[in-house]
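Remarks on the structure that follows.
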Amino acid sequence: MTSSDQNQKMSEFISHYVQNAPQFMWFLGAGTSRTAGMPTASDITWDLKRRYYCLQENQDIRSHDLNNKAVKDRIQRYLDSQGFPALWSAEEYSFYFELIFGKDYAAQQKYLVSKLSPQNISLNIGHRALAALIDLGLTRMVFTTNFDEVLEVAFSNVAEKSLTAYHLEGSYAALEALNRENFPIYCKLHGDFRYQSIKNLSGDLRDNDKQIEKCFLAASNRYGMVVSGYSGRDKNVMAMFHSALEQSNPFPQGLYWTTTSFSAVSDHVRDLVAYALDKNVRAEIIETGTFDIMLSKIWRQVPSRSDKLDARVRTAEAKPVCIPRSQIGIKHPILRMNALQICEIPETCGSIEFKPALNFNELNEIKRSSRPNAIITCAEKTLFWGSSEEVSKLFATDRIKSISSYPLCEIIRSKPYSTFLHSFIENALSEALCYDKPLMLRKKGRFYFAVVDHEKIDDPRLDALKKAVGFGNASSTIVGNIPGRANTLWAEALEMKVERRDEKWWLLIEPDIWVSPLSERKEVVDFLGYKRSKRYNVQAFNILNAWIELLCGFVGHGEKTIFATCYGNTDYPAQFSVNTRTAYSRRRGASG
């Protein structure tokens, strides 16, 4: 499936969901809580493995950092030698829980309290948006396999109310609440870690509380379902979905299984969706990016949200999209600027802690030699956007102490004019805008350039630029060989840089000509001067429009924004919102 097809399916899903939101319920897995700092089953499994290994081998647990691949390999070799379940097998989680705690629920609860404490929660926009949908009555029911308090904390922050979960200690009331339409209803299938009956082990999971299952099945005949962050690992949960599909009117608004990547979808999930289609249920696997990206996009399409609630959901810089013109002066000239407002920047990124600390020069050398598929910077902390797994491969395994989520908004508040922060944001935004375009991202000095790709010159998205650089209605070339210089190429390009003015972020764009190889640029000054010599006001205006249309899809009139994302299918994506109308200026005091 092409990127455009995926975007189309995503748009259709969001449109359908927003139009029918009160008729949809949600099913959340561990993947939705990981971005809030909560561990997944895999994280907990590895921690239990480490505890067992260090206890049996009399090792210092603090010196066994699970972010170090060599440490994990050593632990796994030992466990394999004991005949324990194979790595990534379905039995691992339950096996190691029972190995450490047996049937001691009190010890299990104490362990989970430390791992899932609300003090460890770092809320992102996904849970805040879902909490707001609940507060608006647009989401009435949520089921989850998680037993953390992320959604409760989000609801308290956004709605300033309490959200009570139906768990295994009070499951009998869930079906009664549904029948009485006493919404919202939030059900934890595997229990709540604050209570005794946590259904966390395989034997327990096979005997899920029948009352909550009855509530799920009854709701499945009334509502559609959106699944997010759930792998389909638990056989009893998947059996519950199959039971729902065997009813007379399952999921009347559809069953949507969302994922960060199609490649991550298990066969169990694919089989379930195929079975749903056989039952004439509208069922699809939708590649939506992360839980935060999906809910952010949904929230923007909700017309009934208030400014007050919107501000609590979008805690980053929430500014009106429309850029007002200055009221100073009423006559010409009105000058069009080459700046687009960046309305939203990513709230979080990844952070790596090294031992010993990584310095800027060392990072630059690693980046030059390895060309990482990620954006990494180093100042007081080492920050990145992209896959934590790919980033960790760049460094010696014994150097990485930990990898975690970092609230970028803290740096912005404390150091809004930081040079390294500007460069970090500039790099990500440039990559996001060039993604899936007939462009190459290049760098000259400290500035980034979008350069027309010679090999994609027939892409129809370049037609507006070809016409803009031509004369009259005739199109012109936008790439070529420089006359008289063998193997020296030129191409239309756009310089991009980020600046901060009046507490707002701006993307400054300036059309240019790129020369390849770059070392030849000084030798072709006359050629560059000739190419740019007759680009007066009207043509310069059209060229700027063509570049905005190429990067953003359209040229706006003040109220429209586009969303640009890079590394969208990783655990640390970077998403921006950019206004597609340039800023304008009038001459001061031009009143007579």
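The values are calculated or read from the model by the stated rules, or taken from the named source; none is laboratory data. The structure displayed is predicted, hence computed values, not measured ones. Cβ sites come from the backbone with ideal geometry, for glycine too, and all protein chains shown count toward neighbours.
Collect the residues in the range 403-425 that are farther than 17 Å from R501 by Cα and surrounded by fewer than 12 Cβ atoms within 10 Å (Cβ to Cβ), keeping them in residue-number order. Matches in the range 403-425: E410 only. State all residues of the range 500-512 that are free of Cβ contacts under 8 Å to residues at least 40 places away in the same chain and surrounded by fewer than 19 Cβ atoms within 10 Å (Cβ to Cβ); if no residue qualifies, say none. Matches in the range 500-512: R501, D502. When restricted to residues that are part of a helix (DSSP H, G or I) and touching an Asp or Glu at 6+ places or on another chain (Cβ under 7 Å), the range 79-111 contains 0. Quick one: would you say T477 is in a loop (DSSP other than H, G, I, E, B) and at pLDDT below 90? Considered against the rule, which asks whether it is in a loop (DSSP other than H, G, I, E, B) and at pLDDT below 90, T477 comes out as no. The residues of the range 517-536 that are touching a residue at least 40 places away in the same chain (Cβ under 8 Å) and under 38 Å from the mean Cα position of the chain (by Cα) amount to a single one, L518. Look at (1) under 23 Å from R233 (Cα atoms); (2) within 25 Å of the chain's Cα centre (by Cα); (3) surrounded by fewer than 20 Cβ atoms within 10 Å (Cβ to Cβ); (4) not acidic (D, E) and you find that G126 fails only one, number (3). Those helices (runs of 4 or more DSSP H) of the range 1-74 in which 2 or more residues are among the basic types (K, R), more than 21 Å from R300 (Cα to Cα) and more than 18 Å from the chain's Cα centre (by Cα) occupy 41-56. When the range 276-295 is filtered for residues that are touching a Phe, Trp or Tyr at 6+ places or on another chain (Cβ under 9 Å), farther than 13 Å from M225 by Cα and either in a strand (DSSP E or B) or without any contact (Cβ under 8 Å) to a residue 24 or more places away in the chain (or both), only E287 remains. Looking across the range 256-275, just one residue is aromatic (F, W, Y), in contact with a helix residue (DSSP H, G or I) (Cβ under 7 Å, 6 or more places away or on another chain) and in a helix (DSSP H, G or I), and that is Y275.
Looking only at the range 1-43, which residues are free of Cβ contacts under 8 Å to residues at least 24 places away in the same chain and of a type in the set (V, I, T)? Scanning the range 1-43 gives T2, T40. S81: surrounded by fewer than 18 Cβ atoms within 10 Å (Cβ to Cβ), modelled with pLDDT of 90 or more and not charged (D, E, K, R), yes or no? The answer is yes for S81. Condition (residue is farther than 30 Å from E181 by Cα, in contact with a Ser or Thr (Cβ under 8 Å, 6 or more places away or on another chain) and assigned to a helix (DSSP H, G or I)) applied to the range 114-134: is it met by at least one residue? Checked against the condition, which is being farther than 30 Å from E181 by Cα, in contact with a Ser or Thr (Cβ under 8 Å, 6 or more places away or on another chain) and assigned to a helix (DSSP H, G or I), the range 114-134 yields no hits at all.
Comparison of S243, S197, S248 shows that the only residue that is part of a loop (DSSP other than H, G, I, E, B), farther than 24 Å from N7 by Cα, modelled with pLDDT of 90 or more and not aromatic (F, W, Y) is S248. Kindly evaluate I543 against the criterion of being surrounded by 17 or more Cβ atoms within 10 Å (Cβ to Cβ), among the β-branched types (V, I, T) and within 22 Å of Y584 (Cα to Cα). Judged against the criteria, I543 is a match.
Filter the range 351-393 down to residues that are touching a strand residue (DSSP E or B) at 6+ places or on another chain (Cβ under 8 Å), modelled with pLDDT of 85 or more and closer than 22 Å to T35 by Cβ, then give me how many there are. Adding up the residues that qualify gives 18.
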